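A.B. asks: Got a structure for you, written out below as structure tokens; questions coming shortly.
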Amino acid sequence: MLRSVDEIIGYKLHADNQDFGTCEDVLFDDQWWTVRHIIANTGSWLIGKMVLVSPIMIDQPDWKTRSLYLSISKEALENCPAPSADEPVSREHEKKMYRYYGYPFYWAGPGLWGQAAYPAAVGTMTTDPPPAAEADDLDESESDSALENHLRSFKKVKGYFIKASDGDIGHVEDFILDDDTWALRYVVVDTRNWLPGGKKVLLSLHWVKSIHWLDSTFEMDLTTQAIKDGPEFDPRKPVNQEIETQLYDYYGRPFEKTIDKAIQRHIANPFV
């Protein structure tokens, strides 16, 4: 099912059948447009330490009560190697975290989650990640761009400008993700500061032409008029296949329900 990322902020996080915090932010990677980590706000429990929760750890989401139940213990979370609260999450931190939990690296394999298409499948794998020495050898053969983790904060990207092919049209209000893969599928654009009356519109990430991170700008492969006349998005209604089909029909694009690796690379290459 498709869900709002912004809605997930504030969800309760549970381990050992106890609340230990809430979802403070999510980190997605800008190559595969997939949420890799939830940043937990643990209150007074682990002050000064960034607590990262991977979708791999989610045993049972309860969407009605806005709760995520994890398959790991509070003790495991407490002892997991992690950056301090004021540090960025580097690839080195991710390696330490994945080795600690015994998960295979999500960036090492043909699937969206390494050897799997879904994070839930990774959690059931018995294959251990490569030993430290072997993993380091593998990394040396990778390109420089492959070594980068490309992680982006949802809260920081929210508010980025949206440019059409012929002018400004709005800003990033939200993303819509697939709650099976945790891949981002759509960007919600708020046009209220650019169009009389304003409205929210839903645009596929397939239609992103480029992203300029330093300028905080998404450039879409659409005209301002096309977006202006496009169907209005109602965040109170779920994004189902009927809405997706209508959206693609309006913009005259073939409906692509999933973003495969080849398409992801095509999207990622123009980003500067």
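The values are calculated or read from the model by the stated rules, or taken from the named source; none is laboratory data. Worth saying up front: this structure is predicted, and the values here are computed from it rather than measured. So basically every Cβ, Gly included, is an ideal-geometry build from the backbone, and we count neighbours across all protein chains shown. Accessible surface is based on the protein model in full, side chains and every heavy atom, while ligands, DNA and RNA are left aside. Shrake-Rupley method; radii C 1.70, N 1.55, O 1.52, S 1.80 Å.
A.B. asks: Going by accessible area, probe 1.4 Å, with all protein chains left in place, what is the ranking of HIS150, HIS37, largest first? Walk me through the intermediate numbers first.
C.D. replies: Details: HIS150 40, HIS37 0 Å².
Correct descending sequence by accessible area is HIS150, HIS37.
A.B. asks: Right, here's the next one. What length, rounded to one decimal in nm, is gained on full extension from SER90 through to ASP215, with 0.36 nm per residue of separation minus their alpha-carbon distance? Could you put the intermediate results ahead of the total?
C.D. replies: Numbers: separation 125, 0.36 × 125 = 45.00 nm, distance 2.22 nm.
Value of the extension gain: 42.8 nm.
A.B. asks: I'd like the projected area of the stretch 9-123, averaged over all directions, using the convex hull of its alpha carbons. Report it in nm² with one decimal.
C.D. replies: Values: hull surface 27.4 nm².
About 6.8 nm², averaged over all directions.
A.B. asks: Taking amide H positions as placed in the peptide plane 1.01 Å from N, state which residues far from LYS209 in sequence (5 or more) or on other chains have amide H under 5 Å from it.
C.D. replies: GLU219, MET220, ASP221
A.B. asks: If you don't mind, another one. Please give me the summed charge of the neighbours of LYS49: other residues whose Cβ is under 12 Å from its Cβ, Lys and Arg +1, Asp and Glu -1.
C.D. replies: Details: positive: none; negative: GLU78, ASP86, GLU87.
Charge balance in the 12 Å sphere: -3.
A.B. asks: Can you give the local net charge around LYS163? Use residues other than it whose beta-carbon is closer than 13 angstrom to its beta-carbon, Lys and Arg +1, Asp and Glu -1. Spell out each step's value before the answer.
C.D. replies: Details: positive: LYS209; negative: ASP166, ASP168, ASP215, GLU219, ASP221.
Overall, the nearby charge balance is -4.
A.B. asks: Pull up the cross-link candidates among the lysines for LYS237, meaning alpha carbon to alpha carbon under 21 Å and not fewer than 8 places away within one chain.
C.D. replies: LYS237 reaches LYS64, LYS158, LYS199, LYS200, LYS228, LYS257.
A.B. asks: Taking all protein chains in place and a 1.4 Å probe, what share, in percent, of the accessible surface of the stretch 163-248 do carbon and sulfur account for? If you can, show how the numbers build up before the last one.
C.D. replies: Numbers: 1660 of 3750 Å².
Exposed carbon and sulfur together represent 44 percent of the surface.
A.B. asks: Sorting check: for 174-186, 220-232, 85-97, which peptide has the highest mean count of neighbouring beta carbons within 10 Å, and how do the rest follow?
C.D. replies: Numbers: 174-186: 21.2, 220-232: 16.7, 85-97: 15.0.
The most tightly packed comes first, giving 174-186, 220-232, 85-97.
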